[in-house]
Amino acid sequence: MSLLSRLISNTSSIKHPSFSLSFTLIPSLSSSSSSSFSSKCRAESISAPSQLPPIPKRVPFTVSMHGHTWQDPYRWMRNIDDPDFLNYLAQENSYAQAFMADTQSLQRALVTEMKSRMPSSVYTPVERYGPWLYYEYIPEGKEYPVFCRRLSSYVHVGQCRISPDHNFLAYTLDTTGSEHFMLQIKDLGNGYIVPRAPVDKVYIVDSTDPLSSLQRIHKRVSGVQYFLEHHFGFFYILTNAPMKGNMKCNNEGYYLARCRVGDIQSTTWQNIFYPSEDTSLQDMDIFNGHLVLSLNKKGFPMLCSVDLPINVDCKHQMRIEDLDPWFFPIPSNSCSIAPGSNLDFMNSVYRVVLSSPVMPDLIVDYDMSRRIFSIVQQEEVLGISSNAPSCSSRNDLDSQQQLDSEKDENNQNVELQRWKVFTDTYSCEREEVISHDGIRVPLTILYSRKAWRKGQSPGILLGYGAYGEVLDKSWCGDRLSLLDRGWVVAFADVRGGGGGESSWHKSGSGLFKQNSIYDFVSCGKFLIDEGYVQRDQLGAIGVSAGSVLIGAALNMYPDLFRAAILKVPFLDILNSLLDPSLPLTILDYEEFGNPQIKSQFKSILSYSPYENISQGVCHPSVLVTASFNDSRELRKLRMAYNNLSEGSFEGAECGGEVKEKPWSYNKMKLMYNIRVIKADKLKSLILSKIRVARFKLWLTRAMSMLLLWAIVMQLKSLGEIAVSPKTPKFSFPLPPERVYENNGYLMVSSNGGLNQMRSGICDMVTVARFLNVTLIVPELDNTSFWNDYSQFADIFDVEYFIGSLRDEVRILKELPPAEKKKAAESLFTMPPISWSNMTYYYNVILPRIQTHEIVHFQKTDARLANNNLPDEVQRLRCRVNYEALRFAPPIQALAEKIVRILREKGDFLVLHLRYEMDMIAFSGCNEGCNEQEIDELTKMRYAYPWWKEKVIDSVKKRLAGLCPLTPEETALTLKALGIDRNIQVYIAAGDIYGGERRLATLREAYPNLVKKEILLPPSDLDPFRNHSNQMAALDYYVAVESDIFVPTNGGNMAKVVEGHRRYLGFKKTILLDRKAIVDLVDLYRAGSISWEEFSSEMKEAHADRMGNPIKRLVIPGKPKEEDYFYTNPEECLKKFDEPQVSHDDDQLQEQQEDDAKP
C-alpha cells in the first residue's frame, strides 16, 4: 500500500521529515533515450531510467461475437512457455528494477518501520478441547503457522478438525500453491497418514451405528444451500431454500429451520424464525446447550446465542427476539467478527476474534451460560506512542447491542474488561454515500487525527464488490506508515460485495455490475467533495476481481484518480469469459454474466477495462502486480497502451497517432516475497480467486464430519462410500461450455407418456448438437390420454440438464426476446420423419433451420434410427438419458426416500404390473374379468377414437403372447422362477384393475407386496397426485434402483428401464416371455404338467432373459421390428460377441400399440 505514496504526487504542505511526497506521476515516453520524462497531462517530471521500456510483439488475432469484432494482438501471451514471452517478462522486470531504483532507500525504511511493529513471536492462546490443549504458532522467520507436525517448502493448511475421541486429525493441505487441497487424516497415535477413499458427495451417518450406510443430506439445487447442525434428535438447518406454506421472508437470504433426524428429506421442515427486514442471518454453530447465530444488521456484524433446546411453536413465524437471545457485546459497530475453532461440543464458552481498523485483533471468550465475557489475548503492536489509550470496554461497547435486561454482575464484568483501541490517535468514521441511483453505499474512512489535514491530504480508496464478499477492514499495522504521513485510507462497501442482504450482492453482479462501479466512483467523489482527500491526490487499490472496479473507474473517470495499484487483477473480462477452458470461467457466469448471451455480452463489453481504454486521454499511473506461478492465472500478460498519457508522443508530430507504451515495475520482494511484474495494461485471462466464507465453513463442517466417520469405516474395511453397494451412483462435473457458430434454434414438443418423451428428448438433444443449433428446453405433452400438465422443470432438473450438456450443445429455457417475437409472428412447424439417420437431418432439416432460423418439431418419438448411426451420436443419446436427465429435486428426494424405506428391510423386486384399466381396455385382453368388467372395458375402448382397434379377440391375442400378464399369471410365474416368497415386491403401476380381488393371489404368494401409497404418508404424495408423469417418474427411479426388475408387459417404461439397468452394469432384469408363460400356465392349470415340470420349464424359458449382455437385433428397413436402441444401448456398453438374439418377439405389435396412443 505504501508504494502508492511513490506514485501519487503531492503538492500540499503536508510533509514528513524523512519522506517527501512531492513528485510527479505520469511519465511520458520520449522518442529519445532521455533520462527524464515530461508529461503533457500535468506538466510534471520525474526521473526515469535511461533504458526504454520493452515493447511486446503484436500478433494479429480477430475475435467476433454477436456481430461485434475486435482485435486481440496479445493473445499469443497465453502460452507461458513461449520463449518470446519469457524474454519479455525478464525485460519488464529488469526495467522495473531500474525504474524503481531511486526508491530503494524508501523501501528499506518502510520495511524496517513495518517490521518494528511486529512482535518477535506470534502464537494463539491455548484452547481446551476435552483433556487436550491445542494452539498454533508461527516460527520465527516463517510465513505460515505450525498446526500439525508436518512441514514442506510450501504449505497451506486450509481447515482442521479433531475427531471426538482425539485420536485422529482431519485437515486439508495445499503443498504446491495450486489452491487444490488434499484431505489428509492423521492417526495421532502413530503419526501415520491414513489411506482414504475418494469422496465427491456429502452424507450423514448415525454416530451410534458408524458402520451403517451413509445417507445423502439433500440433492443439490442450483442457488440453494443447506447448512446442517445436529442436536439431540434434531437437525437445525440454515438455508435459503424457498419457503413453503404461509411462511414468508422479507428477503432472499437465509432463515433457520429444523426437522427430526428421520425427516431430513421431508418437505415439511419446521421454520423456526426468519430475520427482520434490516437483519440477515449469515451463519450458525451449535453446542450442547446453545445455538450461536451470526447476524448482520444494517451492514454491521453481530453474534448472539440462543439456549437449547428451543421449545417454541414453530408453526408460526417468529423473530429472533422471541428466542431470548444473548447478543455478544462488542467494542463497536466497526468490528469484524471471526469465530475461533470452538471444537468442544460440550463447552458453553464461545471464542471469537474481534478486529477493527483502529483495534488490533482481540480474542474474546463469551460464556453463553452466564452471559458474561472475558478477554483472552490481544495482538501486540510495537512502536506505538505510549499515550495510545487502553480503553474500557464499558465505554466502548456499542449501546445498540446491550440488552436492557443485563444483570448487575454482567455490568460489573464489563467494567473489568479492557482492550487496546487507538481511537484517540486514529479516527474511524462510517458514512453513507448516495450513489447514481439513490442507493446509500457504506464508506469507512480511516485517518490520523494528528497528521490529516482537511482538503490537503492524499488518500487511498479500496474496493472489491464481487461474490458477496465483505471487504476486509480488520486491523493492519502496516497502514500506520501511511496514516502517520497524513494519508486517508477508505473502504467502499459497494454493491456486488457482502452486505446485510443477499440483494446487495445480486444488485452488483451480472447485468447490474455497473452499479458497483458507479458506487465506487461515488465514494471517490465523496472523499474529495467532503475534503477528506485533496483533489488530484486520490489513489485506488483493487485485488483480483476487485480490479474490475478500479479498471472500469479509471476508464470512465480518469481525472478522478491519480494512481492505482492492481494486485493479480481481473481486467480482461470479456476474453476470459469467452474461454471455457479456463478453470473458473463457468463459475463466473453467474457473477459477471455469460457473453454467449447477447444481452450479457453487451453488458460486459460496456465496462470491461481492457476493451474501454480511451485514446488521447491522460490516464492515471497504474502499478500491476501478478505472480508468474499463480495457478489461477493463465499468465497471459498483454500490454497495450493506446496513447493513454497524451494525444501524441513528444517528437512525433502526427497528432493522435496510436503508439504502444508498455512498461513494468517490480514490486519489492522484501514486502511480499513473490515475483511480480507490472504493466500499465495487464491482460490476464484468469478469474479472481473466489473466497466465499460460507463455502469454507461448509467445507470444514461437512468434510470433517463425513471424513472422520469415513476413516472409521475404512479402518473397519468398509470403505466404500455409497448409498448401497448394489446401487452405482454417477457424478457428472459441470463441463466447460462448447463454443460454436449457432445455425439457428430448435423448438420441440414432446409427445406420449413420460418414457416416450424421455427418449424423444434424448434424440432431440443429439440432433441439436450435431446440427450446431440451439435447443430450447422441450415442451412436454399436456394433451395426451394421461392429461398431465407438468412442465419440463416439474419432472426434470432443468438447471442440471442445461449445465451438464454445455460442452455439447447450447440449451436455453426459452427463445431470446428477438427470436421469441419472430416465432410469435411466424413459426415453421413440422414433424421429422421417424427412424431417420443423421443424413436426413443434415440434408433436410439443417437447410430448413438455416432458412427459417427457428424450426419447431411437433413430434419427438422415435425420430432417430436405432442403428447405423456414428458411435458418438449413440453415446450422446446415452449421456443425455442416463446422466443429464435427472429428476427434479422434489421427485428425486421422494423417490430416494422410497428406496431407503425398502432398502432398510432388505432386497426388493419392482414389478411393473401393467394391469391398469386403460391398458386392459386398449389391449382388449379380458382374461379373468367378469361380464360387467368386460362391458366396461369395451365401452372405454370405443370412447377413444384414436384407439384404432375396436373388435379384439382376447383369447387369440393372449395365446399369441400379446396381452399383459394378469396378476394371477404373474404370481405363478414369479413362484416358478424361484423368487423368494419373503422378498419385498414393489408394484410400479397405477391402480390395478379389479383391485384387491385381482391382487389376492399375488399377495398370498408374496405377502410383502407394497406400493408407494402404502410406504408413504398421504402428505408426501399430495404434491404429485393428478400428475401421472410425476408419479411415473417416482416408479421409474425405484425400478432402476431395485435388485430385480420384472415388467409384465412391453412398453416404453419397461424398455427404457431395461436399458438403464444395462447401463448401470447389467442389473438383473427378468424379461418375461409371455407366449411361453401363457402356454405353461394353461398346461399347469389343466393338470397336464406338475409343479416341478412347470417350474423347470419356466426357468429354462427365461435362462437367457435376465438382462444379460446381448447383441441388439438389426433388421434393415424394418426399424419397428428390430430391437429398440434405448432397450439395449450397446454402443455405450462393453462390446460382446454373442449371436444376435431378440427378446422382443412382439416388438411390432407393441410399437403399433404405442403409435396408436396419442
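Can you say whether Tyr800 is more than 23 Å from Asp871 (Cα to Cα) and surrounded by fewer than 21 Cβ atoms within 10 Å (Cβ to Cβ), as far as the supplied structure shows? Criteria not met by Tyr800. One residue stands out in region 350-383 among those that are outside any strand (DSSP E or B) and of a type in the set (Lys, Arg): the one that is surrounded by the most Cβ atoms within 10 Å (Cβ to Cβ), namely Arg371.
Per-residue answers, yes or no, for (1) farther than 19 Å from Pro360 by Cβ; (2) touching a helix residue (DSSP H, G or I) at 6+ places or on another chain (Cβ under 8 Å):
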position	(1), (2)
Asp437	yes, yes
Tyr467	yes, yes
Lys473	no, no
Ser481	no, yes
Gly486	yes, no
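Within region 334-357, how many residues turn out to be closer than 25 Å to Glu432 by Cβ and polar (S, T, N, Q)? The number of residues fulfilling the criteria is 4. In the set (1) modelled with pLDDT of 80 or more; (2) closer than 30 Å to Glu431 by Cβ; (3) surrounded by fewer than 14 Cβ atoms within 10 Å (Cβ to Cβ), the condition left unmet by Asn250 is number (1).
So which of Leu511, Leu480 ends up being surrounded by 19 or more Cβ atoms within 10 Å (Cβ to Cβ), of a type in the set (A, V, I, L, M) and modelled with pLDDT under 95?
Leu480
Considering only region 827-863, how many residues are at pLDDT below 90 and among the polar types (S, T, N, Q)? Here the count works out to 0. Being part of a loop (DSSP other than H, G, I, E, B) and at pLDDT below 95 is not true of Asn755.
Looking at the structure I just gave you, is Gly508 farther than 28 Å from Ser457 by Cα, touching a helix residue (DSSP H, G or I) at 6+ places or on another chain (Cβ under 6 Å) and either in contact (Cβ under 8 Å) with a residue 12 or more places away in the chain or in a loop (DSSP other than H, G, I, E, B) (or both)? Judged against the criteria, Gly508 is a match.
Would you mind finding the one in Glu949, Glu1041 that is within 29 Å of Asn782 (Cα to Cα) and buried (at least 19 other Cβ atoms within 10 Å of the Cβ)?
It is Glu1041.
State all residues of region 453-470 that are part of a loop (DSSP other than H, G, I, E, B) and modelled with pLDDT of 90 or more; if no residue qualifies, say none.
Taking region 453-470 and keeping what is part of a loop (DSSP other than H, G, I, E, B), we get 453-458, 464-470.
Listed by number, the residues that qualify are Arg453, Lys454, Gly455, Gln456, Ser457, Pro458, Tyr464, Gly465, Ala466.
Scan region 539-551 for residues that are part of a helix (DSSP H, G or I) and over 20 Å from Gly498 (Cβ atoms) and jot them down.
Within region 539-551, the subset part of a helix (DSSP H, G or I) is 544-551.
Hit for region 539-551 is Gly551, nothing else.
From the list Asn347, Asn271, the one residue that fits, being closer than 28 Å to Pro890 by Cα and either crowded, with 18+ Cβ neighbours inside 10 Å or in the same structural domain as Val441 (by TED's automatic domain parsing) (or both), is Asn271.
Within region 64-92, if we keep just the residues that are over 29 Å from Ser50 (Cα atoms) and assigned to a loop (DSSP other than H, G, I, E, B), the residue that is nearest to the chain's Cα centre (by Cα) turns out to be His66.
Has region 536-543 got any residue that is of a type in the set (A, V, I, L, M, F, W, C), under 24 Å from the mean Cα position of the chain (by Cα) and surrounded by fewer than 22 Cβ atoms within 10 Å (Cβ to Cβ)? Give the derivation first.
Here is the first cut: in region 536-543, the ones of a type in the set (A, V, I, L, M, F, W, C) are 538, 540-541, 543.
Going one step further and asking which of them are under 24 Å from the mean Cα position of the chain (by Cα), we end up with 543.
Checking which are surrounded by fewer than 22 Cβ atoms within 10 Å (Cβ to Cβ) leaves us with 543.
There is at least one residue in region 536-543 that is of a type in the set (A, V, I, L, M, F, W, C), under 24 Å from the mean Cα position of the chain (by Cα) and surrounded by fewer than 22 Cβ atoms within 10 Å (Cβ to Cβ).
Does Leu566 count as in contact with a His (Cβ under 7 Å, 6 or more places away or on another chain) and assigned by TED's automatic domain parsing to the domain that holds Leu462? So Leu566 fails the test.
So which of Ala793, Ala824, Ala818 is under 20 Å from Asn751 (Cβ atoms), in a helix (DSSP H, G or I) and either at pLDDT below 90 or of a type in the set (Gly, Ala, Ser) (or both)? Write out each step before concluding.
On the way: Ala824 fails: under 20 Å from Asn751 (Cβ atoms); Ala818 fails: under 20 Å from Asn751 (Cβ atoms).
Being under 20 Å from Asn751 (Cβ atoms), in a helix (DSSP H, G or I) and either at pLDDT below 90 or of a type in the set (Gly, Ala, Ser) (or both) holds for just one of Ala793, Ala824, Ala818, which is Ala793.
The number of residues in region 743-793 that are without any contact (Cβ under 8 Å) to a residue 40 or more places away in the chain and out of contact with any helix residue (DSSP H, G or I) (no Cβ under 8 Å at 6 or more places or on another chain) comes to 4.
Just a yes or no: is a residue in region 1015-1026 in contact (Cβ under 8 Å) with a residue 24 or more places away in the chain, buried (at least 18 other Cβ atoms within 10 Å of the Cβ) and under 26 Å from Asn881 (Cα atoms)? Yes. Arg981 - would you say it is assigned by TED's automatic domain parsing to the domain that holds Asn1049, of a type in the set (Lys, Arg), at pLDDT 90 or above and part of a loop (DSSP other than H, G, I, E, B)? The answer is yes for Arg981. Highlighted here are the helices (runs of 4 or more DSSP H) found entirely within region 1016-1096 that include at least 3 residues which are charged (D, E, K, R): 1052-1063, 1074-1085.
The values are calculated or read from the model by the stated rules, or taken from the named source; none is laboratory data. As the structure is a prediction and not an experimental result, all values here were calculated from the model. Don't worry about glycine lacking a Cβ; one is built from the backbone with ideal geometry, like all the others, and counts go over all protein chains shown.
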